[in-house]
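Notes follow the structure.
The values are calculated or read from the model by the stated rules, or taken from the named source; none is laboratory data. This is a predicted model, so every value here is computed, not measured. For neighbour counting, all protein chains shown are included, and Cβ atoms are generated from backbone atoms with ideal geometry for every residue, glycine included. Keep in mind that these areas ignore ligands, DNA and RNA; they rest on the heavy atoms of the full protein, side chains included. Shrake-Rupley method; radii C 1.70, N 1.55, O 1.52, S 1.80 Å.
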2 protein chains.
Amino acid sequence: MAKSTYTISELANEFGVTTRTIRFYEEKGLIHPRREGQKRLYSPADRVRIKLILRGKRIGMSLQESVELIDMYKPGHNNRDQLHSLIRTVQDRRARLLRQKQDIEDMLAGLDEVQALCERGLEDQQ
Amino acid sequence: MAKSTYTISELANEFGVTTRTIRFYEEKGLIHPRREGQKRLYSPADRVRIKLILRGKRIGMSLQESVELIDMYKPGHNNRDQLHSLIRTVQDRRARLLRQKQDIEDMLAGLDEVQALCERGLEDQQ
DNA sequence: CCAGACGTTTACGTTAACGTCAACTTGGTC
DNA sequence: GACCAAGTTGACGTTAACGTAAACGTCTGG
């Protein structure tokens, strides 16, 4: 079963980052772990938040962009204008993501070509 | 028909970057346009190279990573060891790209959810 | 001829995202 | 009580990827 609290080094190990990184995220206001005396204690929600931030980083998003995307989930958008505005933001993000996806597929196709050339090169030698 | 040479500002405009960016790429050894006197003249090949570098940037690759990927295409890998080594590099890259692609698909699914929530919120109001 | 657009080099400035100490506290354990 | 691992708070350092400004050449239309 999943743990209900994590220490900073547990999370650092799990995600392959340093504790400095996690403290830095707090310093930047991305996460707000509670404290037990001095020590930070991370909830499952904190953990997921870090995980999502790192997912964003993997596709080249800045930390700010990541949290903006993450915070689209949390409610608090009540009136019509806010909802319409949020929908537009969602569509912009989607467009960018689709383009990135296309970029990746193009690169994957390129890699297939390179590999095919390599394999032909090996066969021709033998 | 496609042009056979480009000025720096033509390319900067086409790609939505500044001339400083393009000069910076040269300074870093990523491109090598020929000169006409002082002025830089870019070939279609230079142009494609810049385009691919910017494609890499869009999915979070560093400039170095981009050129490494681009230079996998150019031949010069002749002996078996080089070919095998290149194949491994290709497979590593592919793995990373597949993961990024998965990340993007997850985010897209998340955006769909957010939008659905927004639309329900709007309907509930009316 | 000269102003404006476009190009050049050189050099210092900036931002994000941490790395890297140093100097300390705190909780077990031998 | 001494020690060690794991935690803490500053604070300064670093790298990538440009931005920005100065100071200068070149050529083209009015």
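Using the Cβ-Cβ distance between residue B:34 and residue B:14 with R0 set to 30 Å, the FRET efficiency works out to roughly 0.95.
Label zone (residue B:65, point 7 Å along Cα-to-C-beta; backbone nitrogen cut-off 20 Å) within region A:42-66: A:50-66.
With an a/c value of 1.5 or above and a/b larger than b/c for the gyration tensor axes a ≥ b ≥ c computed over the alpha-carbon atoms, the protein assembly as shown is described as prolate.
Distances between equivalent label points of residue A:88 across the copies, with each point positioned 7 Å along Cα→Cβ, amount to 5.2 nm, shortest listed first. Based on alpha carbons, the Rg and Dmax found for region B:1-74 are 11.9, 36 Å.
A straight line joining the Cα centroids of region A:1-23 and region B:75-114 runs 27 Å.
Can you pull out the buried accessible area for chains B and A, both sides counted, probe 1.4 Å, rounded to the nearest 100 Å²? It would help to have the intermediate numbers written out before the result.
Numbers: alone 9780 and 9780 Å², together 15420 Å².
In total, chains B and A hide about 4100 Å² from solvent.
Roughly what % of Cα-Cα distances in region A:83-126 sit above 16 Å, to the whole percent? That tail contains 59 percent of the Cα-Cα pairs.
How much of the DSSP bridge set in the protein assembly as shown is antiparallel, in percent, rounded to the nearest 5? Intermediate values should be presented prior to the final figure.
Working: 8 of 8 bridges.
Bridges in the protein assembly as shown that DSSP calls antiparallel: roughly 100 percent.
Closest approach of any chain B Cβ to the axis that rotates B onto A belongs to B:60, 1, distance given in whole Å. Of all lysines in the structure, those lying under 20 Å Cα to Cα from residue B:28, and not within fewer than 8 positions of it along the same chain, are B:39, B:51, B:57, B:74. The Cα atoms of chain B define a convex hull whose projected area, averaged across directions, is 12.6 nm². Calculated FRET efficiency, residue B:96 to residue B:124, Cβ-Cβ distance, R0 = 45 Å: about 0.60 to the nearest 0.05. Shielding value for B:92-105 is 5, the average number of Cβ atoms from other chains within 10 Å of each residue's Cβ. The same position residue B:65 in the other copies lies at 1.2 nm from this copy, comparing label points 7 Å beyond Cα toward the beta-carbon, shortest first. Taken residue by residue and averaged, Cβ atoms of other chains lying within 10 Å of the Cβ of B:59-66 number 3.
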